[in-house]
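Q: Here it is: the structure, laid out below.
Quick note: the coordinates plus some simple rules give every number you see, no bench work behind them. In this text, all values refer to a predicted model and were calculated from it rather than measured experimentally. Cβ sites come from the backbone with ideal geometry, for glycine too, and all protein chains shown count toward neighbours.
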Ligand SMILES: [Zn+2]
């Protein structure tokens, strides 16, 4: 039932250059209708742990002959960067899923792509082909993506998602800290691209790139994801309790849900250097010195928890600061989104519809109340754009 696929066939599916491994790690299905479950490992080339974990899960499914509803397909992300063991070649493949970059693919031939843009084109083609493949008696019921990453410093496992109701169902089943709002702070991620298309999309961070438990964490997340998304029954998974235990142990003491409140960006040549020994979720006080650059010390602008301190050369995110979210707010927001009260938002002072797009609202900075961002998050909107006039919010595609 499992196929080691040499190439997806056709333009854009196979290896991007001779000598590189295939885009598809492998797949497993039993001819039964159900969701299409995708994992991508190595979207950042120095983060191969997710690929090894996906190979373990495919072997586990095959060896136990487990009946699976739908299809599991494991993909490799940035083939050239994986071969070079670096985050990316020229452009970060997890920052170029922007409308401008995707338009760029349409407006030039493949030979004019940069190395990472070529990977973007191939992945996009692979997704499009996978979405159209028949699954059991019909088409795949839904698409669930687990994008597997690791961090430059030591870390407990955690996941990021756009706060849609369909994402919550799978994400909260994994039992690791959930980070909300990272997609507002980062532009052009694969996660954002898939979420905007209405799919279930979760980015899972399994620990340090070469951490002793990182592959185990990824493997545990894939097995639990397959159960939460409805492809497998819990009783069919060999050693599900052990996998749960791996993540439980690794996440002991970490917060359940946090929201990103600050992103510290960096630029090439600005001399950004994180102070030593910062770890994910470590509490930080407003005003505390956390990093340095050529102009001096960098202070935390707010109190919260530090996230993703950058201890590698590549990338333009220095660090993030998060605040804890109480589960009460998530329950309230689920009720609000189902209530239909969101239709009243355009009648609030300072809020206007954007002509021609029912998903967008503009908010006048001078007239809006201070808590407007939190209110819009509760109703399932994300901040989309900011200018001197105010903010633009976009409704997330809840199903
Ligand atoms: Zn990554």
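Q: Calculated FRET efficiency, residue 323 and residue 249, Cβ-Cβ r, R0 25 Å, to nearest 0.05?
A: About 0.45, to the nearest 0.05.
Q: Counting DSSP beta bridges in the chain, what percent are antiparallel, to the nearest 5?
A: Bridges in the chain are about 65 percent antiparallel.
Q: Which distance in Å, rounded to a whole number, links the C-alpha centroids of the range 218-268 and the range 37-67?
A: 15
Q: List 195, 217 from most exposed to least, where exposure is judged by having the fewest other Cβ atoms within 10 Å.
A: Taking fewest neighbouring Cβ atoms as first place, the list is 195, 217.
Q: If I model a spin label as a point 7 Å beyond the Cα along the Cα-Cβ vector, how far apart are those points for residue 62 and residue 289 in nm?
A: So the label points at residue 62 and residue 289 sit 5.5 nm apart.
Q: If you don't mind, another one. Helix 327-339 versus the longest principal axis of the chain: what angle, 0 to 90°, nearest 10, using Cα atoms?
A: Roughly 90 degrees, rounded to the nearest 10.
Q: If you don't mind, there's one more thing I want to ask. For a label point 7 angstrom out from the Cα of residue 374 toward its Cβ, which stretches of the range 256-278 have the backbone nitrogen within less than 17 Å?
A: Answer for the range 256-278: 257-262.
Q: A follow-up question, please. Provide, for q = 0.11 Å⁻¹, the log10 of I(q)/I(0) from a solvent-free Debye sum over equal Cα point scatterers in the range 2-250.
A: At q = 0.11 Å⁻¹ the computed log10 ratios are -0.52.
Q: When the chain is treated as a GNM, springs tying every alpha-carbon pair under 10 Å, which of 92, 364, 116 comes out with the largest mean-square fluctuation?
A: Checking each option, the largest mean-square fluctuation is seen for 364.
Q: Okay, moving on. Tell me, 76, 383, 396, 353 in order of fewest to most beta-carbon neighbours within 10 Å?
A: Listing 76, 383, 396, 353 from fewest to most nearby Cβ atoms yields 353, 383, 396, 76.
Q: A further question on this structure: Highest mean first, how do 155-166, 285-296 rank when packing is the count of other Cβ atoms within 10 Å averaged over residues?
A: Ranked by mean Cβ neighbours within 10 Å, highest first: 155-166, 285-296.
Q: Hey, what angle do you get for helix 240-250 against the long axis of the chain, alpha-carbon based, 0 to 90 degrees rounded to 10?
A: 40
Q: Give me 329, 223 ranked fewest to most by other Cβ atoms within 10 Å of their Cβ, as a rough exposure proxy.
A: Fewest to most other Cβ atoms nearby, the residues stand as 329, 223.
Q: Can you give the helix-only mean residue ellipticity at 222 nm for the chain, where every DSSP H stretch with n ≥ 4 adds -39500 (n - 2.57) and the sum goes over all residues, rounded to the nearest 500 deg cm²/dmol?
A: When only DSSP H runs of four or more count, the value is -8500 deg cm²/dmol.
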